[in-house]
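Everything below concerns the one structure shown next.
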Amino acid sequence: KIEAVVFDLDGVITDTAHYHYLAWKDLAEDLGIFIDEKFNENLKGISRMDSLELILKEGNRQEDFTSEEKEELAAKKNSHYCELLKQLTPKDILPGVQELLTAIKAEGIPIGLASVSKNAMTVLNALNLVEEFHYCADAAKIANSKPDPEIFLTACEGLDATPSMSIGIEDASAGVQAIKAAGMFAVGVGESLDEADYLLKDTSELVWELIKVSFANRKN
Ligand code: BG6
Ligand code: MG
């Protein structure tokens, strides 16, 4: 019996991964650093400060700022991101997600959230989805970003679920690695997620009956 399903947020439930990208791109350009969508793949699933470090490294500017200045840069990106979030409504829930949540809930399986974003609750509120989740891991209490399994393990613990009997859903390579490192079954949504146990092109393919079949046929 499946004990829990744990969702990533940005890029799985809604396309906030794109808003993160727009906000980082803007900040990077102010610093004379150019990033594209391909580079942005590396930023998915990792924390705000780790993302900033990767961008500064890309522009060879890591040594140019004090840690206070880095905090300011990260805060500037975040306020731009929060501005973008203001347009978010329940219409922005990605295709297939609401149906999937409803199907899981109908079987009484606990649903969790494993997002390293400190804005996760703001996003869930804007989408009117808070009630769907039995447990949301608190990003502020997580010491290690994905690909470390910490946040997925925390979510399983919060749901009282055994990781090996639980499913994680991710759009980022670091996230799929985190799910696997937690010993869970990984559903990957998107491209270049070869480590996933079950790989889908986009969220419209998130069909509960098919996910259950692939979980039942998993190789350990
Ligand atoms: C993750 C995103 O969900 O949250 C990352 O995939 C983002 O791109 C991270 O950097 C941290 O988000 P926030 O909202 O705390 O800056
Ligand atoms: Mg994501």
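Quick note: the coordinates plus some simple rules give every number you see, no bench work behind them. Predicted, not measured: the structure shown is a model, and the values here were computed from it. FYI the Cβ positions are ideal-geometry reconstructions off the backbone, even for glycines, and counts take in every protein chain you see.
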Inset, instruction - Could you identify the single residue in 63, 83, 53, 71 that is more than 16 Å from ligand 1 (Cβ to nearest atom) and either more than 22 Å from residue 118 (Cβ to Cβ) or surrounded by fewer than 18 Cβ atoms within 10 Å (Cβ to Cβ) (or both)? - result: 63
Inset, instruction - Considering each residue of the stretch 139-166, count those that are within 19 Å of residue 13 (Cα to Cα) and without any contact (Cβ under 8 Å) to a residue 12 or more places away in the chain, and give that number. - result: 0
Legend entry - Residue in the stretch 115-125 that is nearest to ligand 1 (Cβ to nearest atom), counting only those that are surrounded by fewer than 20 Cβ atoms within 10 Å (Cβ to Cβ) and part of a helix (DSSP H, G or I): 122
Inset, instruction - Give the stretch 162-185 a look and list any residue that's in contact with a strand residue (DSSP E or B) (Cβ under 6 Å, 6 or more places away or on another chain) and over 18 Å from residue 144 (Cβ atoms), or say none. - result: 166, 167, 169, 171, 185
Legend entry - Qualifying residue in the stretch 27-41 (condition: surrounded by fewer than 17 Cβ atoms within 10 Å (Cβ to Cβ), assigned to a helix (DSSP H, G or I), more than 16 Å from ligand 2 (Cβ to nearest atom) and among the acidic types (Asp, Glu)): yes
Inset, instruction - Could you identify the single residue in 161, 139 that is within 14 Å of ligand 1 (Cβ to nearest atom) and of a type in the set (A, V, I, L, M, F, W, C)? - result: 139
Inset, instruction - Return the only residue of 175, 112, 168, 188 being assigned to a strand (DSSP E or B) and within 22 Å of residue 39 (Cα to Cα). - result: 188
Legend entry - Meets criteria (crowded, with 17+ Cβ neighbours inside 10 Å, touching a residue at least 60 places away in the same chain (Cβ under 8 Å) and not aromatic (Phe, Trp, Tyr)) for residue 94: yes
Inset, instruction - Please verify whether the stretch 114-133 includes one or more residues that are touching a helix residue (DSSP H, G or I) at 6+ places or on another chain (Cβ under 7 Å) and basic (Lys, Arg). - result: yes
